[in-house]
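First up is the structure itself, then whatever we jot down about it.
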Amino acid sequence: MAVILTSIANLLLFVVIGYVLTKLKKLNSEHAKILSALLVWVFLPCKMFLGFSSTFNKEYLTAKYPILVASLIILVISVAIVSIIVPIFAKKDTAIIKYSVLISNYGYIGYAMCESIYGTATMSDMMFAALPFSIYVYTEGYRMLMGFGKISPKRMINPIFVGILIGCIFGITGISLPTLPSASESAAFASMSAPELALGVVDKVVNDAAKCMAPVSMILAGITVAEFPIKEMISDKRVYIVSAVKLLVFPLAVICILSQILPRDFVIPISMLFLVPCGLNTVVFPKMVGGNYKLGASIAFVSILMSIATMPLCMKIIDILCK
């Protein structure tokens, strides 16, 4: 439990840094756009590539396909339940509420949290489990939050998807980039050809960029929630209901059911999709078209605070149920 708490504290401290620097006017929404662009175009694709290129092979697919199947089933059932229940209790902002309940911040916060607590292998399993949700985010989720009438499959062709695709190709084929030797190994450097050195530099850049994913994503979360006064963000009771359902009801239901039918190594990566705070696309997508993103920012803020208590609780329950 100490490992879990320190890992969560370590990452959430970056959220505080982003929040404080924004309140001190050292960072602003323009900086957030730059960080978001770096995450989408560089850091997250590199992290995805490394995760899938190191694990995604025939043996992996044969052993881990239940993760993808379970994730897809959970998504279909969740979408059906939320589509029926949310409109009954929420007469406005239904798209933001539905999305917030269904989709967590697994891309920015989730992967970083999973790797920090459970290691790179489990994070790769989590990426695998997230594939159906990623498709949903950039098709129906995008349509909902942008207010469009039709799904846009073109949104699937994005840098993150490309990173996953190239990583899968490298993993399946067994291709790997050469690794540069340490600075002290001059003889090893001399023995490498020019193409090997060039590819070695690429490998190092990809690894260094992937390391930036976690801190930059957490700082971005802090900048985003700092755009609104705290009093305004905590005054809407819907925020607490949505956050509680997202961080407790859904993950506990998933954990309790999966722990009875799947081994621990499968339960953890799937459950991590639901344990982390609500996604920031409820801010990012509406902001692109001048829509109302205040509720999305409020839910993100409150869910981050609540997750400090709910994530350790849910992880402890996983430990108890998955012996």
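The values are calculated or read from the model by the stated rules, or taken from the named source; none is laboratory data. All of these numbers come straight from a predicted model, not from anything done at the bench. All Cβ positions, glycine included, derive from the backbone under ideal geometry; neighbour counts span all protein chains shown. Ligands, DNA and RNA are excluded from the accessible area calculation, which covers all protein heavy atoms including side chains. Shrake-Rupley method; radii C 1.70, N 1.55, O 1.52, S 1.80 Å.
Things worth noting here:
- The range 189-247 - residue that is under 26 Å from residue 114 (Cβ atoms) and of a type in the set (S, T, N, Q) and, of those, surrounded by the most Cβ atoms within 10 Å (Cβ to Cβ): 217
- When we screen 134, 176, 116 for residues that are modelled with pLDDT of 85 or more, open to solvent by 10 Å² or more (accessible area, probe 1.4 Å) and among the hydroxyl-bearing types (Ser, Thr, Tyr), the only hit is 176.
- Selected residue (criterion: modelled with the lowest pLDDT) from residues of the range 137-151 that are surrounded by fewer than 18 Cβ atoms within 10 Å (Cβ to Cβ) and either β-branched (Val, Ile, Thr) or part of a helix (DSSP H, G or I) (or both): 151
- If you go through the range 1-54 and pick out every residue that is part of a helix (DSSP H, G or I), open to solvent by 30 Å² or more (accessible area, probe 1.4 Å) and more than 30 Å from residue 176 (Cα to Cα), you end up with 19.
- From 13, 27, 5, 35, residue being modelled with pLDDT of 85 or more and farther than 13 Å from residue 218 by Cα: 27
- For the range 232-241, the criterion of being modelled with pLDDT of 85 or more, within 19 Å of residue 12 (Cβ to Cβ) and of a type in the set (Val, Ile, Thr) is met by at least one residue.
- In the range 248-275, the qualifying residues are those that are aliphatic (A, V, I, L, M), open to solvent by less than 30 Å² (accessible area, probe 1.4 Å) and under 19 Å from the mean Cα position of the chain (by Cα), and the one that is nearest to residue 23 (Cα to Cα) is 275.
- Within the range 56-113, considering residues that are outside any helix (DSSP H, G or I) and crowded, with 22+ Cβ neighbours inside 10 Å, the one modelled with the lowest pLDDT: 105
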